[in-house]
Amino acid sequence: VLQIVKESQQQHGLRHGDFQRYRGYCSRRLRRLRKTLNFKMGNRHKFTGKKVTEEILSDNRYLLLILMDAERAWSYAMQLKQEANTEPRKRFHLLSRLRKAVKHAEELERLCESNRVDAKTKLEAQAYMAYLTGMLRFEHQEWKAAMEAFNKCKTIYEKLANAFTEEQAILYNQRVEEISPNIRYCAYNIGDQSAMNELMQMRLRSGGTEGLLAEKLEALITQTRAKQAATMSEVEWRGRTVPVKIDKVRIFLLGLADNEAAIAQAENEETKERLFESLLGECRDAIQAVREELKPDQKQREHSLENDSGKVSNIQYLHSYLTYIKLSTAIKRNESMAKSLQKALLQQQRSEEDGKRTPRPQDLIRLYDIILQNLVELTQLPGLEEDKNFQKEVGLKTLVYKAYRCFFIAQSYVLVKKWSEALVLYERVLKYAREVQSGAGAYTNSLKELPDVQDLITQVNAEKYSLQAAAILDANDVHETESPSQVKDGKPLSERFETFCLDPSLVSKQVSLVHFPPGFQPIPCKPLFFDLALNHVTFPPLEDKVEQKAKSGLTGYIKGIFGFKS
């Protein structure tokens, strides 16, 4: 049962979360099965219901009918679950379809009790029914019943995994891993507080929790923070205490430390990137809530600016603090991506052998451009224009990232053999790095999280020596290529058959064989003939013939008409 279900789901839409496509596949397969088995429900004019009984279980495709009915109802329920986020009324339809799926699963389990069905299929049918029952109880928030159903399902699949080969056990173990977070969530709602820590650890794993539990776990975390937010009334940042009255902002600030700790404990770059995106999304929501509070308070805020001689209001300062968190998180995310790209650059040769696309220095340049843009926005935050320490700290960070940006620009010039430009940029990197070292006396703690400038200086010095050596070798290669035996005079091949010359262009696509189009050449004109003899010819006299014609007159004309000739 599980293998048929998983193969159908992976091949028909569920790999991308498209439940509507999978539901259509189930409907089409049901129609094909009924037609093949001649098990139609009446005709186009009248419906005649038929049930699969143990007496007609001569073909295993009758069990497939029940299984596809359950899968169709389940996929429709999951589709409605996605739509219920924006349309809450669809939740009633969702529960109805889940009940229908459980009904079909119970019928499948009842039919599998027949002696014609083997023991493995019987156990899988029981596990399948327990899984759907657990999902229905989970949606009804009947945590104890849902936990019992999921535990039954987990136990059966674990026994099946131990009873068969490793290849077959992989499928069962995957299903056990899918339902484990649901069991922990049910245990937490029943009252087991230790299950919360296990759920948080599952959230940190690659891909996080999926399916039915993903939204509920996020809601659980938000609910826990909301209880703690009731005791939070203010926040202190850069020597100023600001009251926090917005609940969404309180919840975000309480979870900030947990989110940062989760990012630090992430196992791989994919999980870290997902957690960064989640944190940035929560930060944007908190900033939007503060902006909505700022709109009705616009006039009052302008009045307080006049009275307090430029000091921003508390709500505006809170907005600056949240914007600072958002920009700082974006910088950390881009820096994390830059580090992973740098590691890939070090393994570039191996990647080229594998035939994969290799990262380029230009990819890193784009990331550092975004980081520098974020730092510029930090210096323009309201309420921090007069904070000299903050401005100095951001200035030092800007120099660090400018140094790294110049370094990778120089690397891109090295790839195209522009040695002089690359050397100038390496000198600029050293200049930025020395400025950071000279001005980082009192700001050492704030620069700990940044890339080490001393490592960059060491790397640049090594790159400079290799650059000079490469430039010298390249100059020697150019000198060798300009030897008399290799220089061509621009003539095509057809005009230099007698001269030997090494011409690499002869094996390229732009080979020069002949002049084309050919040049113009002089050719002789067609001769002109003039009849000059006509002026010297004496023609015979014709007077006698002219006189005879005159004498004939009318008589000759009449004779000619009637045919008389002289």
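Okay, residues lined up against (1) more than 30 Å from E158 (Cα to Cα); (2) of a type in the set (S, T, Y); (3) open to solvent by 60 Å² or more (accessible area, probe 1.4 Å):
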{"residue": "T36", "(1), (2), (3)": "yes, yes, yes"}
{"residue": "K46", "(1), (2), (3)": "yes, no, yes"}
{"residue": "L80", "(1), (2), (3)": "yes, no, no"}
{"residue": "A125", "(1), (2), (3)": "no, no, no"}
{"residue": "M129", "(1), (2), (3)": "no, no, no"}
{"residue": "T133", "(1), (2), (3)": "no, yes, no"}
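Here the condition is being in a helix (DSSP H, G or I), of a type outside the set (A, V, I, L, M) and closer than 21 Å to A344 by Cα; of Y426, Y413, Y465, it holds for Y413 alone. Pairs are defined by a Cβ separation below 7 Å, a sequence spacing of at least 6 or placement on different chains, a first member in segment 157-175 that is in the same structural domain as Q3 (by the TED database) and in a helix (DSSP H, G or I), and a second member that is surrounded by fewer than 12 Cβ atoms within 10 Å (Cβ to Cβ) and not aromatic (F, W, Y); the pairs so defined are L171/Q3. The number of residues in segment 500-512 being open to solvent by less than 90 Å² (accessible area, probe 1.4 Å) and assigned to a loop (DSSP other than H, G, I, E, B) comes to 6. The requirement of being modelled with pLDDT under 90, under 27 Å from Q20 (Cβ atoms) and not in a helix (DSSP H, G or I) is fulfilled somewhere in segment 51-74, by at least one residue.
Being within 43 Å of the chain's Cα centre (by Cα), on the phi > 0 side of the Ramachandran plot and open to solvent by less than 50 Å² (accessible area, probe 1.4 Å) holds for only one residue in G42, G17, G24, and it is G17.
For segment 82-122, what are the residues that are more than 21 Å from R137 (Cα to Cα) and either over 33 Å from the mean Cα position of the chain (by Cα) or not assigned by the TED database to the domain that holds L14 (or both)? L111, C112, E113, S114, N115, R116, V117, D118, A119, K120, T121, K122, listed by residue number.
Residue under question is A101, and the condition is that it be assigned to a helix (DSSP H, G or I), touching a Phe, Trp or Tyr at 6+ places or on another chain (Cβ under 6 Å) and under 17 Å from L2 (Cβ atoms); does it hold? Answer is yes for this residue.
Restricted to segment 358-402, and to residues there that are in a helix (DSSP H, G or I) and closer than 17 Å to L345 by Cβ, the residue that is most open to solvent (accessible area, probe 1.4 Å) is R366.
When the residues of segment 429-481 are narrowed to those that are hydroxyl-bearing (S, T, Y) and modelled with pLDDT of 75 or more, which ends up most open to solvent (accessible area, probe 1.4 Å)? This residue is Y465. Taken residue by residue, segment 210-231 has at least one member that is at pLDDT below 75, charged (D, E, K, R) and within 29 Å of S340 (Cα to Cα).
The values are calculated or read from the model by the stated rules, or taken from the named source; none is laboratory data. Predicted model, so just to flag it, every value in this text is computed and none were measured. Cβ: placed from backbone, ideal geometry, glycine included. Neighbour counts: every protein chain shown. With ligands, DNA and RNA removed, areas are computed over all heavy atoms of the protein, side chains included. Shrake-Rupley method; radii C 1.70, N 1.55, O 1.52, S 1.80 Å.
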